[in-house]
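S.K.: Below are the structure tokens for one structure; questions will follow.
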Amino acid sequence: MTTKNSYLIQSFFNTLVRDFKAYQKLEVLLKQQKLLYLSFDAEKLEQNLTLQQSLLSQLQQHAQKRSQIMVSLQLSADKTGIERFFSALPSAAGKKVRCQWQHLENMVKRCQTLNQENGQTSANFHELMVSVTSAEQHTYQEHLLG
């Protein structure tokens, strides 16, 4: 294995470790986001969303870097390429990286679920606000006419 390939493989591993930490932070922020909707704290919600956006940008950069690494190693940047990549590693390293990859996939799925729940909470919150605002206007108008 060439020094360049060793460097690329190490860089790939490093992005996985950083992504794992980023997804842990993102999961916490997504859980907090739901509570912030319920507490009507717009300022903290905005801060939370800004932190989420920063993490998502980092995750996107890492994903692009992994894709570039795969291309540099002459592998496709898809599931087949990843399997070939893992299979080409020494047995112990391949097993470790597969395990990390699986943990990362599980974290991504948890974050996607939390994000979908937050989307629903946001839609419900918006619907509630429109309902409350419309009801107040309607009640106020009836009071004036009555």
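S.K.: Could you run through segment 59-80 and say how many residues are open to solvent by less than 30 Å² (accessible area, probe 1.4 Å) and over 17 Å from T15 (Cα atoms)?
M.R.: 1
S.K.: Continuing with the same structure: Any chance segment 75-93 includes a residue that's under 24 Å from H126 (Cβ atoms), free of Cβ contacts under 8 Å to residues at least 60 places away in the same chain and either assigned to a helix (DSSP H, G or I) or β-branched (V, I, T) (or both)?
M.R.: no
S.K.: It is to be established whether one or more residues within segment 44-56 are hydroxyl-bearing (S, T, Y), within 28 Å of N124 (Cβ to Cβ) and at pLDDT 95 or above.
M.R.: yes
S.K.: Something else: Quick one: L26 ticks every box in (1) in contact with a Cys (Cβ under 6 Å, 6 or more places away or on another chain); (2) open to solvent by 100 Å² or more (accessible area, probe 1.4 Å); (3) not hydroxyl-bearing (S, T, Y) bar one, so which box is it?
M.R.: In the conditions (1) in contact with a Cys (Cβ under 6 Å, 6 or more places away or on another chain); (2) open to solvent by 100 Å² or more (accessible area, probe 1.4 Å); (3) not hydroxyl-bearing (S, T, Y), L26 misses (2) alone.
S.K.: So, in segment 96-112, of the ones that are under 19 Å from N5 (Cα atoms) and of a type outside the set (V, I, T), which residue ends up most open to solvent (accessible area, probe 1.4 Å)?
M.R.: So the residue we want is K96.
S.K.: Taking only pairs six or more apart or across chains, which ones have beta-carbon atoms under 6 Å, a first residue in segment 35-62 that is acidic (D, E), and a second residue that is surrounded by fewer than 16 Cβ atoms within 10 Å (Cβ to Cβ) and at pLDDT 95 or above?
M.R.: Note: no pairs meet the criteria.
S.K.: Taking the conditions exactly as written (without any contact (Cβ under 8 Å) to a residue 24 or more places away in the chain and open to solvent by 70 Å² or more (accessible area, probe 1.4 Å)), does R18 satisfy them or not?
M.R.: Working: without any contact (Cβ under 8 Å) to a residue 24 or more places away in the chain: no; open to solvent by 70 Å² or more (accessible area, probe 1.4 Å): yes.
No; evaluated as a whole, the condition is false for this residue.
The values are calculated or read from the model by the stated rules, or taken from the named source; none is laboratory data. Remember, predicted model here, so these are calculated numbers, not experimental data. Cβ: placed from backbone, ideal geometry, glycine included. Neighbour counts: every protein chain shown. Each accessible area value is taken on the protein alone, full model and side chains, heavy atoms only, with ligands, DNA and RNA left out. Shrake-Rupley method; radii C 1.70, N 1.55, O 1.52, S 1.80 Å.
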